[in-house]
Every structure is written in structure tokens, then in C-alpha cells.
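**Q** Structure below; questions to follow.
No lab work stands behind these numbers, since they all come straight from the coordinates. Predicted, not measured: the structure shown is a model, and the values here were computed from it. Cβ atoms come from the backbone with ideal geometry, glycine included; neighbour counts cover every protein chain shown.
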Ligand code: SF4
């Protein structure tokens, strides 16, 4: 049974900010052996430029009509930086910035584009209030000291251009010493490395040992310190009215891996997820609730609606959207 009656997160509960998670394409120039087959493909799957630009315009307008002037954009793929219209999309978002609103961006990338491309990216996001790159280190491709130096130099270039950078790596069995060297290498430049344990079907791979998990935990503790300094928070109110602040969504899931069926949830009104086939959905956990398509048009909810998903709400992007059990606990005015 769900132990909570309300869950909030910063900045989505505190500010009029909406979230758009956008999987622009599944095309990726890499084909890592451990990457899930559905997460990448070699065939290019891009739409035409107008489809993307009209979608940006519609997303900003509809969020604004719902009361959210500011939008947090999270781009992921595939490898979005190889979408020929990605920088045009960023330009279009910049067009939506006025002196009364702000845009923020989080981009997950393998960082394989050239330094010149990253300079163009830095210029394209210059007016964004917050910009962050999650650079995934893929050992099957970054397989020599020279390539590793190039990877690091791009991160330094981005940081010099006011883009926050974090490296993501996955620890596979038997690779602990390599990971330690990698973390040390980036830490020398004050670049934080988020290490995750390799999983298959949400379960850690056989072969990961106690020292592997100890190392992951140490890295996670460092991340917690970072989160605290960024004043990010996730706060749950329990059924007995006590509250608890969590440092990560993994912690929330460990405490309460549950469905929020019939709760009021701001997803669909304050947040959307766009899939590579153009589908605009309420979220990832509630992918079945389709709001339309960027190819044919889409309509966000005009007011906060109840969750209709019986399965647990497990995706970070979904979980971070404010939700409450009934109107006695509401965070917003519900029509
Ligand atoms: S499944 Fe969707 S609607 Fe339900 S709580 Fe999660 S994000 Fe909200």
C-alpha cells in the first residue's frame, strides 16, 4: 500500500516550472554491446525541421496557458546531438525566452561530437538559465588515453562556457580498478562522476561484489552533498502527516515502490514525455495516456488530473512531478 499522501520536489512544487522530457531519436552513432536494443538503432529516425519547431512552439504555449512560464527541457536518445535539427530546436526554445521567464536544459550525450560542435551548442544555450550535460563514458569507444583526454577536454570546454558537466559511468563486474582510475582522472579536474551498477531487467548483474557496491555508495554520498548544495529536494508526507526529505529517487523507490493510481498528479498538465515516434504522453510510467503526437497535434490536460496507472510510478521524470492523494492535500487549485 502507498505510504504517502503527498510528494513534492524542488523546483516543480515551488515555482511555475514545467518539465518536457524529449527522446528526439533512437539513432546513435555508437552501438555498445551492453546498451538495451530498444534504446538505440543505427538507422536514422529524424523528422523534418518544421515538425520539431512547431512542437516547441506548441509546448511553450500550452504550458504557458496552464500557468507555467518556465520550462525544464530534458533531452535524451539515442544520441540527440546527431539529430540535424537539434540546434534549431534549441534556437526555437531561446526565441521563447522573455524577461519574465526562464528555460533550463539537461542533455544526456555520449559527447562524441567535435569540439567545434560543442562550441555551437554552448552558444545555442547561452540564454538558458541552467544548462547541464550528463556525459556518458562508454569504454568500448573511449578506449585509449588519447580518446579519454579528448573526452575530458570537451567537458572542460563546456565548463569554460558555463555549462555544468557530470560524467555517467556503469560499473560492470571485474572493472572496479578501471572505474577507480577513471573517477580519479576526472576528479583531478573537479568533474563529478556518477557511477551506477550495471543492471539487467532492473536487477544488478551477477558478479558485482561487495567492494563494487561500497564504491558505488561512496560516489552516491558525494552526489548527495552536491544535491544538498543545489538545494534540490524531494519531500514526502506520510499518511500520519510526518514528512521526510529524500536525497534521491532511488531512495524514494526503496521506501515506497508503489502505484499512485487515483491520486491527483501534475503529469500531463505540468509535464510531458515525447517519444521518438512523435507520441506525446503524460509520462514514461503512464505511456499509455497519449496526449497526441508532434506529427498530428497534441493537447495537454487543462487541469491537474488523477493518475490512472495501476503499475508503480518508477521513472525519475514521472516521480518528480508533484502528486497528492486527495484535494485536502493539494498543492495547486484543482478544477
Ligand atoms: S504513473 Fe503517471 S500519472 Fe501516475 S503518478 Fe506516475 S507520473 Fe503521475
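**Q** What does the C-alpha gyration tensor say about the overall shape of the chain? Classify as rounded when a/c is under 1.5, otherwise prolate if a/b is larger than b/c, or oblate.
**A** Here the chain falls in the oblate category.
**Q** Classify segment 1-128 from the C-alpha gyration tensor, please: rounded if a/c falls under 1.5, else prolate or oblate depending on whether a/b exceeds b/c.
**A** Oblate.
**Q** Taking the chain as a Gaussian network, Cα atoms linked when under 10 Å apart, which of 181, 159, 26 shows the biggest mean-square fluctuation?
**A** Evaluated over the chain, the most mobile residue of the options is 181.
**Q** Return the single residue from 217, 154, 132 with maximal mean-square fluctuation; model: Gaussian network over the chain, springs between Cα atoms under 10 Å.
**A** Residue with maximal mean-square fluctuation among 217, 154, 132: 217.
**Q** Go ahead and estimate [θ] at 222 nm for the chain from helices alone: -39,500 (n - 2.57) per DSSP H run with n ≥ 4, summed, over the residue count, rounded to 500.
**A** Value at 222 nm, helices only, nearest 500: -9000 deg cm²/dmol.
**Q** Another question, if that's okay. Estimate the FRET efficiency between residue 3 and residue 221 by the formula 1/(1 + (r/R0)^6), using the beta-carbon distance for r and 25 Å for R0, to the nearest 0.05.
**A** 0.50
**Q** Calculate, for residue 251 and residue 192, the FRET efficiency according to 1/(1 + (r/R0)^6) with r their C-beta to C-beta distance and R0 25 Å; round to the nearest 0.05.
**A** Computed FRET efficiency for residue 251 and residue 192: 0.85.
**Q** Quick check: the distance between the Cα centres of segment 73-132 and segment 246-263, to the nearest angstrom?
**A** So the separation of the two Cα centres works out to 30 Å.
**Q** Same structure, new question: Length gain on complete extension for the stretch residue 244 to residue 16, per 0.36 nm per residue less the alpha carbon to alpha carbon distance?
**A** Gain on extension, residue 244 to residue 16, equals 79.8 nm.
**Q** Each label point is 7 Å from the Cα along the Cα-to-Cβ direction; what then is the distance between the points at residue 311 and residue 299, in nm?
**A** Output for this residue pair reads 2.7 nm.
**Q** If you don't mind, there's one more thing I want to ask. Tell me the label-point distance for the pair residue 94, residue 65, using the 7 Å Cα-to-Cβ offset, in nm and rounded to one decimal.
**A** 2.8 nm
**Q** At 37 °C and 0.692 mPa s, grab the translational diffusion coefficient of segment 1-59 from Stokes-Einstein with a Kirkwood Rh over Cα pairs, rounded to a whole number in µm² per second.
**A** After rounding, the answer is 212 µm²/s.
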